[in-house]
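A quick write-up on the structure given underneath.
The values are calculated or read from the model by the stated rules, or taken from the named source; none is laboratory data. Note that the structure is a prediction, hence the values are computed from the model and not measured. Note that each Cβ is placed from the backbone with ideal geometry, even for glycine, and that neighbours are counted across all protein chains shown. The area values use the complete protein model at the heavy-atom level, side chains included, leaving out ligands, DNA and RNA. Shrake-Rupley method; radii C 1.70, N 1.55, O 1.52, S 1.80 Å.
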Amino acid sequence: MAEVESFTLDHTAVKAPYVRLISVERGPRGDAISNFDVRFVQPNEGEIPTAGLHTIEHLIAAQLRDHLDGVIDISPFGCRTGFHLIVWGEPAVVDVVAGIRESLRFIAEKAEWADVPGVSAVECGNYRDHSLHSAREWSKVILDQGISLDAFERVGV
Ligand SMILES: [Zn+2]
């Protein structure tokens, strides 16, 4: 079986919240795509409830594109402790952290229900399973803890 980098990470050694560069992939013409581990909750110590995570997903999809160039996708981990972020090029971790921080600040301090995109049955695969309250509260918790530039040491928080 192919080796998946995420399964080689020692999840007991990291100190969340953090942003970590997983890999840079190159296409045949040299284009670079970066894959980041955006970890919000300490693994095996907690997880964001599904409805709150789902609403963060919808809001951060739009917010992060306003704060970081080249976003291809940001999708939640099945373990509900964070997100994979896929971006064109090779943005610095410090710039990714800044974009994530601004996005969470919007969710924590400003977002109203009308700001959550794609929450109709036409636009979402489980439109009943959302919680803006949970999204706000978890965004506040993550911002209060600070987002580290390093997965193993608390840097820049
Ligand atoms: Zn959805």
(request) State all residues of region 12-60 that are in a loop (DSSP other than H, G, I, E, B), open to solvent by 50 Å² or more (accessible area, probe 1.4 Å) and over 22 Å from Glu153 (Cβ atoms); if no residue qualifies, say none. (result) Pro28, Arg29, Asp31, Glu47, Pro49
(message) So in region 125-153, with the set limited to residues that are among the acidic types (Asp, Glu) and more than 17 Å from the chain's Cα centre (by Cα), which one is farthest from the ligand (Cβ to nearest atom)?
(response) Glu153
(request) Confirm whether Ala2 is more than 22 Å from Val155 (Cβ to Cβ), more than 13 Å from the chain's Cα centre (by Cα) and open to solvent by 80 Å² or more (accessible area, probe 1.4 Å). (result) yes
(request) For residues that are within 12 Å of the chain's Cα centre (by Cα), free of Cβ contacts under 8 Å to residues at least 40 places away in the same chain and not in a helix (DSSP H, G or I), tally how many sit in region 61-85. (result) 7
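Can we say Val41 is out of contact with any helix residue (DSSP H, G or I) (no Cβ under 9 Å at 6 or more places or on another chain) and either within 29 Å of Thr12 (Cα to Cα) or of a type in the set (Val, Ile, Thr) (or both)?
It is false that Val41 is out of contact with any helix residue (DSSP H, G or I) (no Cβ under 9 Å at 6 or more places or on another chain) and either within 29 Å of Thr12 (Cα to Cα) or of a type in the set (Val, Ile, Thr) (or both).
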(message) Being surrounded by 15 or more Cβ atoms within 10 Å (Cβ to Cβ), in contact (Cβ under 8 Å) with a residue 60 or more places away in the chain and away from the ligand (no atom under 16 Å from the Cβ) is the filter here; which residues of region 86-124 pass it?
(response) Val93, Val96, Val97, Ile100
